[in-house]
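Asks: Dropping a structure here in structure tokens format, bear with me for questions.
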Amino acid sequence: MAKYSGINMNMARIQNIETILNLIRESGSISKKEIASKLNLTRAAVTIICNDLIDMRYLEPVGEKKSNKAGRNEILLDLNYDFKHIFGIKLEREEISITLSNLKPDLIVLENYSMKKFENEIILIEFLIERLIAILKENNMTVKDIVGLGLSVVGKVDFDHSRSLDTYGVFADKEINWKELIENRIDINVVVDNNVNCLSLAEIYIRNKRNNFLFLKYGPKLGGSIIFDRESFSQKSNDMAEIGHFLIKHGGQYIYIEDLISYERIVNAIIENTSGFQVFHKKYKDTPKGKILKNFLAVCTDKTTNEFKYLKYIVEMLALVIYNSSNLVNFDKIILYGEIFEKGLIIDIINDFLRQHDKYDIVVEKSILPVDFSLGPNYLILNEMIFKKY
């Protein structure tokens, strides 16, 4: 309730506020009369809530709608996207990004830094606080102008307490209470979630639809998020959408699909000349490790290459996981995120596999997010502190 401080309310009123804000975000500028009609609320209740939100600057009048009847025109209201701002921090294994956005969210500041310079979370947080304070100063802002800071991290997350349970190769695997560590240094509310959940939230907000879908991120490993009516069920349990831990049979034994298709596994197998990778080892043995994957993927859509044949095999394993998932939950869509899915041929392989196994009803499509998308944690704050329904 603290996020709407200044308004005396109970939980029912909070729900009405969030319902109204979501309606305006989805519909665009709208009158109080239309809000009352669409949400089946009394005109008086809508007027009181909207007036309060105007006073708090969440909403602003943006014009008038001509009335069909004699009398005053209806005032149109829209969200005031610039009255507050959001900090986002995206923590990945190789790189960390800091973003500042408005509430749309439109990107205002983007800074990227290599993770190699940070030995542990304490050094990292010292640096982050320094940069956050500097960004506020450079943009003539104070902490009062920030509605919240979203932090997306790799690995498992205790969402209720905004801490990571492991950091999946970033730091030594241990619990890190990011919320406490950051809030002790700067007076901004912090919310932490897994990076794939943050991306899936951005997907639904940008699509502006209420589809139920399975969101899959491939690269460098495999992660998933389950979305139903704008709610991330993956936040309820780290194991709920652990797609990477689906078992498949490979080489006569059962292994996690993530252990088969991860970028790290492919590169290491090429370097180590693992059985089945001899042809790739010979081809890439003089290629710097950091460029092997890029070169591998660059030719994988040429059907005459060994790269394509191998990629087709592991993508069909991914299609098998999608097939099995669709038999458990009736998703409207399967949405695929990652550099590999920018190549249309990869999605064609998945769809061909599904059709060959009598799955014609599954809609599989590429994410609308760019592969270098940095605003996931900003959407996390937007969802948790502005628009989320309780």
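The values are calculated or read from the model by the stated rules, or taken from the named source; none is laboratory data. Bear in mind that the values here come from a model prediction, so they are computed numbers and not experimental data. All Cβ positions, even for glycine, are placed from backbone atoms using ideal geometry, and neighbour counts span all protein chains on display.
Asks: Which one of these is at pLDDT below 85 and of a type in the set (A, V, I, L, M, F, W, C): A269, A241? Steps first, please.
Replies: Values: A269 fails: at pLDDT below 85.
Every option except A241 fails the conditions.
Asks: Quick check, is E258 farther than 29 Å from V109 by Cα, modelled with pLDDT of 80 or more, surrounded by 17 or more Cβ atoms within 10 Å (Cβ to Cβ) and not hydrophobic (A, V, I, L, M, F, W, C)? Give the derivation first.
Replies: Working: farther than 29 Å from V109 by Cα: yes; modelled with pLDDT of 80 or more: yes; surrounded by 17 or more Cβ atoms within 10 Å (Cβ to Cβ): yes; not hydrophobic (A, V, I, L, M, F, W, C): yes.
So E258 fits the description; yes.
Asks: Check R185 against each of (1) of a type in the set (K, R); (2) closer than 30 Å to G224 by Cα; (3) in contact with a helix residue (DSSP H, G or I) (Cβ under 7 Å, 6 or more places away or on another chain) and name the one condition it does not meet.
Replies: It is condition (2) that R185 fails.
Asks: Pick from segment 333-367 the residues that are surrounded by fewer than 16 Cβ atoms within 10 Å (Cβ to Cβ), over 20 Å from G219 (Cα atoms) and of a type outside the set (S, T, Y): which of them is nearest to the chain's Cα centre (by Cα)?
Replies: Applying the filter and picking the extreme gives V363.
So that you can scan it fast, the table gives a plain yes or no per residue for (1) in contact with a Pro (Cβ under 9 Å, 6 or more places away or on another chain); (2) assigned to a loop (DSSP other than H, G, I, E, B):
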| position | (1), (2) |
| --- | --- |
| L345 | no, no |
| D348 | no, no |
| N351 | no, no |
| L354 | no, no |
| Y360 | no, yes |
| E365 | no, no |
| I368 | no, yes |
| L382 | yes, no |
